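Data first, discussion second: the structure below is written as structure tokens.
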Amino acid sequence: MKLQAVALFFATALWPAWSQDLPERHAGEASAPAAAAPQPARAPDRAAAYYHYGMAHIYEELVTVYGRSEFINKAIEEFKLALEYDPGSEFLNAELAGLYARTGRIRDAVLEAQEILKRDPDNLEAHKLLSRIYLRSLGDLQSGVQSQEVLRLATEQLEAVVRLEPRDADNHLLLGRLYMLGKELLKAESAFQKALELEPGSEDAVTNLAYLYSEEGDMQRAIRTLEGVPEAARSAKLYSAMGFTYEREGDHKNAIRAYQRAVELDRDNLDSLRGLAQNLYSDGQSEAALEQYRNLAEADPRDVQALLRMAEIQRRSGKFDQALENLKHAAELVPDSLEIPYNLALVEEARGNFTEAEGILRGLLEKTLKADGNYTAGERNNRAIFLERLGSLYRDQQKTKQALEVLAELLALGDDYASRAYQQIIETHRSARDWKEATRVAQEAADKLPEDRSLQFQLAGQLADQGEGEAALARVQAFLKGGPEDREVYITLAQVNSRLKRWKEAEEAVAQAEKLSTKPAEKQFLYFLLGSMYERQKKFDRAEAMFQRILQSDSESATTLNYLGYMLADRGVRLEEALGYIKKAVELDPQNGAYLDSLGWVYYKMGNHAQAEEYLGKALEREPNDPTIHDHLGDVYARTGRLKLAAAQWERALAEWNRSAPPDVDAVEVAKVQKKLDNAKVRLARQGAVQK
């Protein structure tokens with residue numbers, strides 16, 4: 001078939017697109033010759049124009065088939081010829097602009113569309129074309145002044161499209177999303193509601209509205225919007241949106257139920273499966289989460305994030321070999337990853353292989369170092385993570401000098417990292433029992449970053465520890481604003497009052513914080529805070545009620561399991577139950593020195609001195625300066641007839657208490673240890689006299 005014949009066939013197929021633009025013909029009137037040279041001065045010849053329009057489309061099709069650029073030029077030439085025969089056709093102008101856009105000549109497309117709009121401001125196709133171009137450009141740009149300008153241009157074009165085509169719900173949805181990007185939330189809400197009005201029950205409109213409300217912080221309204229869709233009409237997509245919204249609210253149990261329904265309705269939706277796995281993990285259901293991550297890895301063997309999450313769960317549960325196996329597999333898939341070796345360092349640290357962990361972190365820092373210090377935001381954040389972890393690793397090993405050197409590098413990164421660096425430096429001095437230097441750095445940080453609440457609160461804690469209670473409380477109270485942000489302020493007030501043993505004021509502050517707490521996790525934190533306060537006041541029944549309340553909704557809260565188990569063991573009551581709580585806490589965090597101490601102590605109370613000594617020894621490896629662990633180990637040595645070793649441990653316990661902050665010292669416990677040490681010295685002296 002000759003090209004001209006194909007063109008006529010193609011033109012006939014496309015005829016309805018703009019046949020209304022052609023003039024009526026009288027019977028027997030001949031069409032203009034197809035190849036006649038255009039005469040600009042004569043009247044429009046739309047039949048000839050249409051021939052060239054058809055040819056342009058054929059050449060465009062040939063571009064798709066053969067990928068040759070000369071066909072693009074020929075298509076453009078044909079469009080221009082068509083316009084010479086019908087220069088007033090806005091349809092042809094719009095088609096030419098569209099061709100420019102489709103073939104990557106964006107500037108020409110924009111100029112052509114703008115020319116159309118100068119002649120015809122209400123040309124719908126030109127507005128649509130410009131909106132598509134700006135939207136595509138917006139996706140390619142990073143945030144900044146340029147992207148804001150493109151967002152403005154895209155929004156203007158979509159507003160025109162909506163004005164010219166007001167009954168199209170999709171236009172309103174897209175415009176609403178642009179308003180959201182521009183933080184014009186009221187306009188966005190109006191656009192989404194209009195889309196819902198045009199298409200009642202529109203899933204896209206409902207999910208976009210819910211997302212808008214969640215971005216505004218009104219999670220309850222977002223949830224009500226989604227729950228307003230009848231169950232019979234809910235799709236996998238809507239259940240997934242519900243799961244995401246519940247997750248942002250911190251309601252992991254409802255998030256799990258929603259994601260489970262999404263997976264049941266669409267088993268190929270891996271995003272819903274990821275949401276299910278993550279919320280199971282956040283809800284403390286580690287084994288169930290691990291199973292879902294395994295399902296993800298089976299469905300997509302190249303899903304590195306699933307492998308990383310599996311390794312994280314296995315690391316936290318002490319299954320180090322399995323964690324290393326998954327990390328090795330992930331490294332084979334992404335050999336240049338920074339996240340994978342970082343997780344490997346976490347595993348080695350959890351295994352107690354501190355030298356290996358240090359080597360990996362040092363290697364990551366060397367790999368990401370730039371001599372000129374010119375880092376992108378992502379590169380700077382990576383270095384901050386590596387530096388902070390290495391500093392923490394040194395601090396845990398009592399390598400104070402090395403920790404401070406690393407944290408100084410973190411401080412030098414500036415910006416938001418300065419706050420994190422100061423907090424870690426203060427904590428390092430506290431770990432070294434250098435209270436004076438910790439307070440000095442806290443004061444320096446508070447002076448340099450006066451609007452940083454975390455640093456101001458940390459300074460308040462230091463002041464409280466030094467007996468300056470009123471100054472500490474005043475510093476915290478200055479941040480009360482009368483809004484939802486006061487929750488953290490009240491929590492800090494509760495903690496400061498607790499350290500000052502002002503129990504009534506501490507409980508009142510917790511009550512105020514609870515009024516501002518909406519998420520289950522937020523309330524659980526307050527229950528734990530109250531439980532620890534009651535325990536310190538010897539109100540054991542009330543303390544246990546708080547801890548049990550947490551465990552009812554989060555059975556794998558390791559801190560709660562440990563605290564409750566230790567509280568029972570220390571009083572020598574319900575020891576089997578206490579052992580169960582503590583063993584579970586250790587399973588969840590095998591290298592935690594406090595948990596290992598609790599396990600050793602409950603074994604001591606049960607008369608199992610060999611295991612008591614084993615776990616107390618491991619606890620001291622993790623927390624060598626903890627006076628309570630030294631005291632406990634002293635009791636084990638004394639009970640097993642090694643009085644000299646016991647006395648050495650009690651002496652160390654007293655020495656560490658003397659270096660502790662006053663709020664951390666229980667005078668009654670110190671007196672008991674002093675009495676045990678005095679009695680031991682007397683007995684040792686008698687034994688020495690007898691031997692002589």
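What list do you get for 211, 615 if you sort them by fewest beta carbons within 10 Å?
Details: 211 21, 615 26.
So the ranking, lowest neighbour count to highest, is 211, 615.
For a footprinting-style exposure proxy, rank 489, 602 by other Cβ within 10 Å, fewest first. Could the numbers behind the result be given before it?
Numbers: 489 21, 602 28.
Fewest-to-most ranking of 489, 602: 489, 602.
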Requested in this report: Rounded to the nearest 10 degrees, what's the angle between the helix 320-333 long axis and the longest principal axis of the chain, both from Cα atoms, 0 to 90?
Outcome: 20 degrees
Query - In degrees, nearest ten, helix 169-181 long axis to first principal axis of the chain (Cα) - result: 50 degrees
Query raised in the report: Could you give the angle, 0 to 90 degrees to the nearest 10, between helix 90-102's Cα long axis and the longest principal axis of the Cα atoms of the chain?
Result: 40 degrees
Query - Cβ-derived FRET efficiency at R0 22 Å, residue 136 paired with residue 271, nearest 0.05 - result: 0.40
Query raised in the report: Taking the Cα centre of the chain as the origin and placing charges on Cβ (Lys, Arg +1; Asp, Glu -1), which of 423, 270, 582 is farthest toward the positive end of the dipole?
Result: 582
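Considering Cα pairs under 8 angstrom that are at least six residues apart, work out the relative contact order of the range 361-458 and quote it in whole percent. The partial results should precede the final answer.
Working: 97 pairs, mean separation 18.8, N = 98.
About 19 percent, as a whole number.
Counting other Cβ atoms within 10 Å, keep those with at most 16, restrict to DSSP loop, and tell me which chymotrypsin sites (Phe, Trp or Tyr not before Pro) in the range 223-258 are left. Don't skip to the answer; put the middle values down first.
Working: sites: 239, 244, 246; in loops: none.
Passing sites in the range 223-258 do not exist.
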**Report entry** In Hz, Karplus ³J(HN,Hα) per residue of the range 341-357 (6.51, -1.76, 1.60; θ = phi - 60°; x = Gly, Pro)
**Finding:** x, 4, 5, 4, 4, 5, 5, 4, 5, 5, 7, x, 8, 5, 5, 5, 4
Report summary line: If the label point sits 7 Å along Cα→Cβ of residue 356, residues of the range 311-338 with amide N under 18 Å come out as 311-332
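If neighbour count is taken as other Cβ atoms inside 10 Å, put 573, 496 in order from fewest to most. Kindly include the intermediate steps, with their values, before the conclusion.
Working: 573 12, 496 26.
So the ranking, lowest neighbour count to highest, is 573, 496.
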Report task. Just subtract the alpha-carbon distance of residue 168 and residue 398 from 0.36 nm times their residue separation and send over the number in nm, one decimal. Result -> 76.2 nm
Query raised in the report: Just in the range 398-491: which trypsin sites (Lys or Arg not before Pro) are loop by DSSP and have at most 12 other Cβ atoms within 10 Å?
Result: 481
Query raised in the report: Which label marks the calculated value of P(r) over Cα pairs in 20 Å bins from 0, in percent, given the options [x] 14, 42, 32, 10, 2, 0; [y] 18, 53, 28, 1; [z] 13, 36, 28, 14, 7, 2, 0, 0?
Result: [z]
Requested in this report: Run the numbers on the chain and let me know its relative contact order in percent, using alpha-carbon pairs under 8 Å that are six or more apart.
Outcome: 5 percent
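We did not get these values from a lab; they are worked out from the coordinates using the rules stated. What you see is a predicted model; the values in this text were computed from it and never measured. In this analysis, Cβ positions are derived from the backbone assuming ideal geometry, glycine residues included, and neighbour counts consider all displayed protein chains.
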